[in-house]
């Protein structure tokens, strides 16, 4: 295990403990390195029960839950910030005014990791599929590889673990990219899968959101690689900043024949092509790479085919939290008579394209109650198809799909807050109801 004596007896404030794993992983890391730790979160102890259970045996941790107090930060040597906390909150400026170091998981990992064999993946959609597939590609080369940046897989868990020869694939959100800027670090290979409208409730403009991704390659040098799509809306802006080797993907190239792959859809052709190009520039065995790509079956919550009930296929695409992702899901199954479950919480996005696509294709749909669903209805979808009970909506979709051996497709195109904790909770509940229906039939 790698030990970092520079943290011994230092006061570390974990600002935003959260429910996705970075908070507990940070507590474990700094505890192993003999730091003095204070955890603070606006959520209560009851709301954080699952996360807190993961560190219940770690002694000498102070907790301030249900509030953030300025006094807890004044004497801190470092603040470890959750990506869920925007830089615009007043407390961020307060911490900066005291010249206290602020770190985030992925940026911290890149600064302190013993390996430089790191591939970072960001973008609006396709991050998890691409990073998971890349992990499989690297593993099939006979190399030791870790994946981090997804819920439950914090990069902080790897800081003490990785060796100089290990490979690491990091999924990095736009919020996590802010942590790279803090340290002026980028991974050896930086990938931007695509850019589309998302998270505009947190950014001043669409371009601000797009440019929040540039730290994935901004601090690279000529020995590093920046990989993205050739025809991306912001590709030229990215290339104006890049100082590394630029690899541009043309998904129309005949080189990318993935017709026999398990992954379907135009968006997945892009994801597979990105992985193939990374393998090429890293000098991997391309025959093994192609085999890994074709054999890959995808990841949970992303057009995940759960199985059939009475001839009806159930597809869990709960991670489709933006309109463009829902359109991709519908396109994939359009020739299989889908009944699409749409709707949820608004993220200040433009939903007109999705609504128009639903109306033009005349797909069957049901709507889940939420602030974005109100917008769907105002744009022309049928208010009588709104459900405030998830199970009832799924059962209704099943009954419609049974009449045509169709598909029940959960691809909401919105955030999940309100009815669910997050998109993963929404996906888990969909799986649970699918299993109940399977047992009944």
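The values are calculated or read from the model by the stated rules, or taken from the named source; none is laboratory data. Not measured: the values here are computed from a predicted model. Glycine gets a Cβ as well: all are built from the backbone with ideal geometry, and neighbour counts include every protein chain shown.
In region 46-139, counting only strands (runs of 3 or more DSSP E) that sit wholly within it, the ones holding 3 or more residues that are within 19 Å of residue 154 (Cα to Cα) span 78-81, 118-122. Filtered by the rule that a residue be free of Cβ contacts under 8 Å to residues at least 40 places away in the same chain, within 25 Å of residue 305 (Cα to Cα) and crowded, with 24+ Cβ neighbours inside 10 Å, region 366-384 gives a lone residue, 367. When region 422-439 is limited to residues that are in contact (Cβ under 8 Å) with a residue 60 or more places away in the chain and closer than 13 Å to residue 408 by Cβ, the one that is surrounded by the fewest Cβ atoms within 10 Å (Cβ to Cβ) turns out to be 438.
For (1) farther than 13 Å from residue 241 by Cβ; (2) in contact with a strand residue (DSSP E or B) (Cβ under 6 Å, 6 or more places away or on another chain), each residue gets a yes or a no:
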| position | (1), (2) |
| --- | --- |
| 164 | yes, no |
| 176 | yes, no |
| 180 | yes, no |
| 189 | yes, yes |
| 193 | yes, no |
| 202 | yes, no |
| 206 | yes, no |
| 213 | no, yes |
| 216 | no, yes |
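Scanning region 346-375 for residues that are modelled with pLDDT of 95 or more, touching a helix residue (DSSP H, G or I) at 6+ places or on another chain (Cβ under 7 Å) and either under 23 Å from residue 204 (Cα atoms) or outside any helix (DSSP H, G or I) (or both) yields 351, 353, 354, 363, 364, 365, 366, 367, 368.
For region 327-344, a residue qualifies if it is at negative phi and crowded, with 20+ Cβ neighbours inside 10 Å, and the qualifying residues are 327, 328, 329, 330, 332, 333, 338, 339, 340, 341, 342. Taken together, the criteria place residue 225 among residues that are over 15 Å from residue 125 (Cβ atoms) and surrounded by 13 or more Cβ atoms within 10 Å (Cβ to Cβ). Which of the residues belonging to region 163-180 are surrounded by fewer than 21 Cβ atoms within 10 Å (Cβ to Cβ) and modelled with pLDDT of 95 or more? Residues satisfying the conditions are 163, 164, 165, 166.
Do the conditions hold for residue 143, that is, is it in the same structural domain as residue 204 (by TED's automatic domain parsing), crowded, with 20+ Cβ neighbours inside 10 Å and either under 22 Å from the mean Cα position of the chain (by Cα) or in contact (Cβ under 8 Å) with a residue 24 or more places away in the chain (or both)?
no
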